[in-house]
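Below is one structure, written out as structure tokens; the observations come after it.
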Amino acid sequence: MAHNNPEPDYPDITEEQDTAVDERPAETPRPAKTGKGTVFIAVLAFLLAGGALAASAYIWLTLQNNQQQISSRIKGIDDTLQSTRSDISGMNAATQQLHADIKRINDDSRGLKAAIDRASKQLGTAAQNQWSIEEVHQLLVLATDQLSLAGNAPGALAALRIADQRIVDSGEPWLQPVREQLANDIASLEQVEQLDLAGISHRLKALEKSIDKLPLSTQSQLNPAATGQKPESTDTTAQTVWQQLGSDLSGLVRIRHLDQPTVPLLPIDQQYFVRENIKARLNSARIALLRGEQSIYLESLQQAQSWITEYFDSDSQSAKWLAGEILALSNINTAPDLPDITQSLASLESVVSEAARP
């Protein structure tokens, strides 16, 4: 900003000189000076004042220019700061949106995972239930075969009970009609007399082993059917035995005097065949037991007892024990009446077919 500096107050040289002249004693008058010095001083003062004014103007202009530059820079900084704030605000908004998107994606992922888990569980349950139904079907087929083909009531009963437990484990309510029929078939089998087939078979095997210890009777008569050259099989008829042994009969009959010591009437070689044929009859009874053939079972036991009585000492302790065992075994019914358990299998096939319909 320009400043108007007042011109310096220079003293009037002429007046001062006049005053000095008055006060001093009169001197010899000097010649008057010219006005060149005054003009010079005036010009110098003017130049100095102009220079100061110019300097002040320059300084003011410089300050104004610097102030404008600073203001411009401050305004630029303010604009930049405002833009930066806007950018930061935009970035914050974008960050919040990104967080919202991430949260939504995580929620969607959790929902998708839950859906996949449910689907997998449903598929696994369906596959497990399908496998359980197949297992129940196989168990019911096994139970039917065991009862109808082998007459194995205990085995059939065990298979039905396992099938019923598999249905319980599956938790399928639409299989309840099958459980109801299973309960009926299980009750029917539980009323059947349970045979200890393994125990009876072991008893017959023990009888076979004891035959070799039986003492022979001293009054036995030769029976060709019991002394054949080969042990009698279960399928050998009496006529076949007679044909095989007929050629040996004439040489086996002997007449003995009563005053001689009593000895077994069977030669040693024939004793072996008698014992082996009795064993064969007991083995035939064991096979008939497992097959549920009651008539063959009883016939084989009766024939074995008949030969034991005829050829061996009935008063011996071993013969009495054998007779008691054979009698007890003869009282066993190897073919009890068996119920029909096919309704459980039919019920399962019916409900499965109904469930498969669209």
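All of the numbers you see were taken from the coordinates with simple rules; none came from a lab. Predicted model only: the values in this text are computed from it and were never measured. Don't worry about glycine lacking a Cβ; one is built from the backbone with ideal geometry, like all the others, and counts go over all protein chains shown.
What's the FRET efficiency of L44 with N65 using the Cβ-Cβ distance as r and R₀ = 30 Å, to the nearest 0.05?
Details: r = 31 Å, r/R0 = 1.03.
My answer for the efficiency is 0.45.
HN-Hα J couplings of the stretch 142-154 from phi, Karplus 6.51/-1.76/1.60, θ = phi - 60°, integer Hz, Gly and Pro as x?
Computed from phi, the couplings for the stretch 142-154 are 4, 4, 5, 5, 4, 7, 7, 9, 10, x, 8, 5, x Hz.
Between A183 and K213, 0.36 nm times their residue separation minus their Cα-Cα distance comes to what? Don't skip to the end; give the middle numbers.
Details: separation 30, 0.36 × 30 = 10.80 nm, distance 5.04 nm.
Contour length minus the Cα-Cα distance gives 5.8 nm.
Show me the ranking of peptides 43-56, 141-154 by mean Cβ neighbours inside 10 Å, starting with the highest. Spell out each step's value before the answer.
Numbers: 43-56: 11.9, 141-154: 18.3.
Ranking, from highest mean packing down: 141-154, 43-56.
Please list, in order along the stretch 66-75, the HN-Hα scalar couplings obtained from phi with the Karplus expression 6.51 cos²θ - 1.76 cosθ + 1.60 (θ = phi - 60°), rounded to whole Hz, x for Gly and Pro.
My calculation for the stretch 66-75 gives 4, 5, 5, 5, 5, 4, 5, 5, 4, 5 Hz in order.
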